[in-house]
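Note sheet for the following structure.
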């Protein structure tokens, strides 16, 4: 036994067991987050409850069972609920999502099983997904065109409603194209003309001829704007033509304009395959749509785009600086106190809290560097800042500094593993030191550089605290990339998946509605990080195989 312990075998098994347990825990957590998040898109059954009020009367409640929990009867009695003397020791209560926010105080209600007289799952209950006020639950009673009932047989209601909803959706797409495309470009061009006028005026170069030319350009753009505005109003009027009359749980008839309806479905009348198709459709919309309703509804596409764009920009910035610093420390710097001080500083940088980097980025990059850029190149826009406010560029630079020690240490380790005989052989053949470094050393160290980049991306993609100070916002109406010159707008603020999780989970006005979105967005963030890392790992493995022969 003593020889077995001295051989080190137990410690190998313990290490392997610890790694295995850690891997199982990580995979289990990932599966749990994915299950809680992705199950949100599955069409749940909608029930009609026959409820008892305090006077012994009856009323209806329509909604989804969101959660079920068991509570002690004593606990309920202590909370002031009466009439539970002859009840069992434990009772169930249901969290019901009833939607219809404009007609009820709370769209989520806890209901005790003792006040439920009966419940059923009618097949003709319809769930309407709307652009505002969340879901609406009820029964379709009529389809209206310009306020008049449409003569359609009852059996054709669903197909007719689907056709008219597709028409309203197509008109909505046309509106978005006009607003975000041509009207957006005209507004961008008008703002450029305004700034050009002011710059010429500040420089004393605004002659009557120049002013006349700019005014003519503005009038042409304004005329185009008027035409597009009339076209936009026409689309809106056409989209508001149709509506659907729905009977809600209280028996009242409510008219829902189809211009505000995104989708509808009958969850109690769907087959398994139809539910799978609906689940895939909802998951795709979550990835591709913009958020709405204070981020508690809709998708997260701007946050995905902002996260990936910022991380790629950060990688482009941190890699050359990290490699240059590592090359200097390993290949050129002498073994003196200055080099020791630099290495200590690099190690200490890795331990600085991320929020400190955010404060540094805000003070140095935004206020000093960005403010100086505005003074030199954009004085006509002041006092409105251009680069002197938080944006995606400063966020990428801040995270580049945050992850710089990781890249430096990893690159330096890769340089130290390259045999000195390769350097000496290259120099003996007449190559200069810089040629040896560029053609021999750095290519062989590229797998280690990629390893540092992988670690940097993994950390940067999940950081939130520094980004809150240097560029990330709750809602960014415009992406950093668009069709307006210079196409890449690094001064704009952006959305981020990590901040989106924080905002939805802790700042949402509707906690119950936001909870599944926290899981879904967390699962998506982890998936994005894994995707970025797998891409970098594939590149690293390719480079490792390419230069494996030189190592031997």
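Below is a table of values for the structure above.
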{"quantity": "Complete set of residues in segment 69-93 that are surrounded by 11 or more Cβ atoms within 10 Å (Cβ to Cβ) and closer than 30 Å to residue 123 by Cα", "calculated": "91, 92, 93"}
{"quantity": "Filtered residue count, segment 225-263, keeping only those that are surrounded by 15 or more Cβ atoms within 10 Å (Cβ to Cβ), more than 34 Å from the chain's Cα centre (by Cα) and either assigned by TED's automatic domain parsing to the domain that holds residue 50 or in a helix (DSSP H, G or I) (or both)", "calculated": "0"}
{"quantity": "Qualifying position, being within 23 Å of residue 478 (Cβ to Cβ) and either modelled with pLDDT of 90 or more or more than 35 Å from the chain's Cα centre (by Cα) (or both), among 214, 200, 190", "calculated": "190"}
{"quantity": "Residue tally, condition farther than 27 Å from residue 362 by Cβ and without any contact (Cβ under 8 Å) to a residue 60 or more places away in the chain, over segment 507-516", "calculated": "2"}
{"quantity": "Residue that is assigned by TED's automatic domain parsing to the domain that holds residue 436, at pLDDT 90 or above and more than 24 Å from residue 480 (Cα to Cα), where the choices are 352, 323, 359", "calculated": "323"}
{"quantity": "Search result, residues across segment 483-506 that are over 19 Å from residue 394 (Cα atoms) and free of Cβ contacts under 8 Å to residues at least 12 places away in the same chain", "calculated": "485, 506"}
{"quantity": "Strands (runs of 3 or more DSSP E) wholly inside segment 54-135 that include at least 2 residues being farther than 22 Å from residue 39 by Cα, touching a helix residue (DSSP H, G or I) at 6+ places or on another chain (Cβ under 8 Å) and free of Cβ contacts under 8 Å to residues at least 60 places away in the same chain", "calculated": "90-97"}
{"quantity": "Restricting segment 293-304 to residues that are part of a helix (DSSP H, G or I) and buried (at least 18 other Cβ atoms within 10 Å of the Cβ), the residue that is nearest to the chain's Cα centre (by Cα)", "calculated": "303"}
{"quantity": "Qualifying position, being closer than 23 Å to residue 131 by Cβ, at pLDDT below 90 and touching a strand residue (DSSP E or B) at 6+ places or on another chain (Cβ under 7 Å), among 292, 247", "calculated": "292"}
{"quantity": "Selected residue [under 30 Å from residue 530 (Cα atoms) and outside the structural domain of residue 524 (by TED's automatic domain parsing)] from 38, 76, 61", "calculated": "38"}
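The values are calculated or read from the model by the stated rules, or taken from the named source; none is laboratory data. Treat the numbers as computed from the prediction; the structure is a model and nothing was measured. Backbone-built Cβ (ideal geometry, glycine too); neighbour counts: all protein chains shown.
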